[in-house]
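Only one structure is covered here, and it is reproduced in the block below.
What follows is calculated from the coordinates using simple rules that are stated; it is not laboratory data. Predicted model only: the values in this text are computed from it and were never measured. A quick note on method: Cβ atoms are made from the backbone with ideal geometry, for glycine too, and the neighbour counts reach across all protein chains shown.
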Amino acid sequence: MLRYLAILWVFVKNSMQNEAAYRANLLTNMLLTVVGVTGSIAGVLVIYSHARTIQGWTLPETLALLGVFTLMNGLINTFIAPNLNEFAEGIRKGTLDYTLIKPVNSQFLTSFQRCSIWGLADVLVGLGIVGYALASGFEQGVGPLQVLAFTIASASGAVIIYSLWIGLATIAFWTVKIDNITSILQAFYNMGRFPVQAYPLWMQRVLTYVVPVAFVTTIPVQALGNRATPLLLLASVLMAVVMLYASTRLWRLGLSRYTSASS
């Protein structure tokens, strides 16, 4: 584990060095993130100007959920999205071979070898929104146990969203063109900026069991607000473990059928 953390740090450091010459990009991305999030916050404020709660969710809780959504979106933009595009190109051009011959897990390399540090702007803004929401006051007090539960649920959510993306990326072993598929996943993920309880019952089930966005955004905030039972937290961890295992098995299946385009 320490070895892979060290390798990940090398990837991040190299990416920072490569993009250090374009520091204005960080400010631009931060500005775009703030503008986008400001629009989302304005929409939430308009909704709550007509109601004190929505399906039991207060304004601070919904803002915290928006913060978690932005944070996770930043992780996607930092690590997953840049590598997803290069992975499909690597299969088409045969450059994936250079990744497979290295003495490190190929799924790890494919997932994290390129980082877009500008995506960290979303992470910082997301953390800021969560902090503001906490300062605004939750209905339930937030103590060490709630922070621990939030950390566990958020880590599980990050693993789940990673497993979804890498699972879709693996489809490129059979069909290189995956843009439409990832666009569908992004559309479902965008629904996570609101509590899953705000949607009709059938959509709640889709966002919980089919495309488990609820585990990525809604449940961490419920844990922070002391509204997530131990059973729900356990389900979140089990969902993360199962999806990571399934994505790894799918990756290995894809590799077994891979034939280099350069051979």
Total charge dipole magnitude, the stretch 4-134, about the Cα centre, Cβ charges on Lys, Arg, Asp, Glu only, Debye to nearest 20: 120
Across the Cα atoms of the stretch 1-91, what radius of gyration and what greatest pairwise Cα-Cα distance (Dmax) are found, in Å? 18.2, 52
Based on the mean of other beta carbon atoms within 10 Å per residue, what is the order of 222-232, 247-257, most packed first? 222-232, 247-257
Here, Q197 and K102, labelled 7 Å along Cα→Cβ, have an inter-label distance in nm of 4.5
Sorted by mean Cβ packing within 10 Å, highest first, what order do the peptides 106-115, 74-83 take? 74-83, 106-115
The size of the Cβ-based charge dipole (Lys, Arg +1; Asp, Glu -1) of the chain about the Cα centre, to the nearest 20 debye, is 480
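How much mean residue ellipticity at 222 nm does the chain get from its helices, if each DSSP H run of length 4 or more adds -39500 (n - 2.57) and you divide by all residues, to the nearest 500 deg cm²/dmol? Walk me through the numbers on the way to the answer.
Numbers: 12 runs with 181 residues, N = 263.
Here the helix-only value at 222 nm equals -22500 deg cm²/dmol.
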Semi-axes a, b, c in Å (a largest) for the stretch 18-163, each sqrt of 5 times a Cα gyration tensor eigenvalue, come to 35, 19, 13
If I model the chain as equal point scatterers sitting on the Cα atoms and use the Debye formula, what is log10 I(q)/I(0) at q = 0.08, 0.09, 0.15 Å⁻¹? -0.35, -0.44, -1.16
Which peptide among 91-98, 8-15, 236-243 comes first, and what is the full order, when sorted by highest mean count of other Cβ atoms within 10 Å? 236-243, 91-98, 8-15
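Working out 0.36 nm times the residue gap between S136 and I184, then minus their Cα-Cα distance, what length gain in nm do you get to one decimal?
13.9 nm
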Put a dot 7 Å past each Cα toward the Cβ at Q55 and R257; how far apart are the dots in nm? 3.6
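In percent, what relative contact order does the chain have, based on Cα pairs under 8 Å that are 6 or more apart in sequence? Walk me through the numbers before you get to the answer.
Numbers: 303 pairs, mean separation 69.3, N = 263.
After rounding, I find 26 percent.
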Over the C-alpha atoms of the stretch 214-257, what are the Rg and the largest Cα-to-Cα span, Dmax, in Å? 14.3, 46
